[in-house]
Amino acid sequence: MAETLFHCDDVLWRRFEMICRERDETPGAVLRDLVRLEVQRCERRKARSAEGIDERLLVRLRLLVAEALAVSESWGDLQRALEERALKFTPAGGGLVLTDLATGETLAKSSQVGPPYMALVRRFGTGFPGHPQPGIAAQALARPCPLAPARRTGFPVRPDRRPPMTQTLALNDTRSIPQLGFGLWQVPAATTAETTATALKLGYRLVDGAAIYGNEEGQGEGIRRSGLPREQVFVTTKVWNSEQGFDRTLHAAEASLKRLGLAHVDLLLIHWPCPRKDLYLDSWRALIRLREEGRATSIGVSNFQEPQLTRIIGETGITPVLNQVEINPRLQQPALRAFHAKHGIVTQSWTPLGQGKSFDAAPVQAAARRAGKSPAQVILRWHIQLGASVIPRSTREAGLKENLDLFDFALTEAEMAAIATLDEGQRCGPDPARFEMD
Ligand code: NDP
């Protein structure tokens, strides 16, 4: 296992470097595409191979590492992104060792001179901190970076020619989701179509709605008005609390599709777990059925906590692709995010701006001044660098534009660390352990 992970990564890196030279796409997008292809190949092999389970585990690991790589601009970033996925690199002997933080198990060793290490050195512009043989790093740095023109630090080095809002995160069902979208909570039904069409024309490709928002008709109408082909828009809706249970969830989803005027949604979520109702497992089984029937391409949950996630995964063997939860600088939920990473669940942040309560915080103000960006942009960029999908809402065209403009700057490691200190465990919204409103 240990050898295969990096043997395969070696191949992956060579293909990655070659395709980056040929394709006009971001390195992150190329890397994720490659890993997605690997997952698909692995899923096909599973049908024929008795070793299917090991292969899936291996591919999941590589997906986690690839995701971490795609959001990292330095060794520090990479370590943090890996830690969020319960993994860690440490220098050991002549190379790097990948460890599972939960079990302490060594998962893989990379050869110090292997292409993965050399490629990372070239990408980050330095050797691994404290690495015993700096000569190897110098050798790697002397070679040109595949993504010319080379830059000593930072990634990607080539300007992104594609609209950055199409930057995607891989889902555990081999599909992907735009990392940035916009939300429709409290957007008036009468203006939802206009807001949706405007946002899509500006470049958004993910629309987050819900039955309870009372504006699904406008959500669907806005998509049609935008003139975009259906497959270019990622549509989410959610099943409300009063509709939990197997049959009710099936009916609720059909009613949502009717209001949206769509044959399928890209993502269907259970809005809240409502643990006292204790119907979320039946609702989850209904979502699995709806996915099988093609009414939802991917299925996930919202506001679930570890016990409910563990239960639905354990009972059905199907892991949600995503958990949409409240995340903002005052409520950072590191333990839940680590759980998501460990299980291949994308974290999606709701109320990402935290009602503006951190706009005046010193670390946000300092980063905004340094980067020449607004506090809102700094906070949204923080979500992006955490590796989360993020769905801010604005009813103003200027606000929608501002919230898209996140991809020409990056927060430094020190700025990310300073924002991490703002976590107070303070919610803007209800506590999911107690929220049962119908
Ligand atoms: P946000 O964190 O997106 O904040 C929205 C508020 O911030 C609005 O008042 C908006 O005002 C303002 N705003 C937006 N952009 C800026 C900016 N650049 N500068 C200053 N102010 C700004 O909050 P939401 O609570 O709406 O969360 C986002 C989405 O998450 C929702 O729309 C919904 O889709 C989803 N959600 C999901 C929940 C769940 O239980 N699953 C719960 C809550 C939300 P203005 O319109 O004037 O710009």
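The values are calculated or read from the model by the stated rules, or taken from the named source; none is laboratory data. Treat the numbers as computed from the prediction; the structure is a model and nothing was measured. Cβ: placed from backbone, ideal geometry, glycine included. Neighbour counts: every protein chain shown.
Taking the condition away from the ligand (no atom under 12 Å from the Cβ), more than 20 Å from the chain's Cα centre (by Cα), modelled with pLDDT of 95 or more and basic (Lys, Arg), does residue 311 pass? Taking the combined requirement at face value, the residue satisfies it.
In this entry, residue 414 is excluded by the filter for residues that are more than 22 Å from residue 186 (Cβ to Cβ) and modelled with pLDDT of 95 or more. What about residue 257, is it of a type outside the set (Gly, Ala, Ser) and within 15 Å of the ligand (Cβ to nearest atom)? Judged against the criteria, residue 257 is not a match.
Out of the residues in region 384-403 that are more than 6 Å from the ligand (Cβ to nearest atom) and of a type in the set (S, T, N, Q), which is nearest to residue 415 (Cα to Cα)? So, considering only residues that are more than 6 Å from the ligand (Cβ to nearest atom) and of a type in the set (S, T, N, Q), the one nearest to residue 415 (Cα to Cα) is 385. Any idea which residue in region 167-182 is modelled with the highest pLDDT, counting only those that are among the β-branched types (Val, Ile, Thr) and surrounded by 20 or more Cβ atoms within 10 Å (Cβ to Cβ)? Here the residue is 177.
If we keep just the residues of region 336-363 that are within 12 Å of the ligand (Cβ to nearest atom) and outside any loop (DSSP other than H, G, I, E, B), which is farthest from residue 427 (Cα to Cα)? So, considering only residues that are within 12 Å of the ligand (Cβ to nearest atom) and outside any loop (DSSP other than H, G, I, E, B), the one farthest from residue 427 (Cα to Cα) is 348.
Inside region 415-438, can you point out the residues that are assigned to a loop (DSSP other than H, G, I, E, B) and touching a Phe, Trp or Tyr at 6+ places or on another chain (Cβ under 7 Å)?
Scanning region 415-438 gives 432, 435.
Within region 364-383, the residues that satisfy the criterion of being part of a helix (DSSP H, G or I) and either within 11 Å of the chain's Cα centre (by Cα) or within 10 Å of the ligand (Cβ to nearest atom) (or both) are 375, 376, 377, 379, 380, 383.
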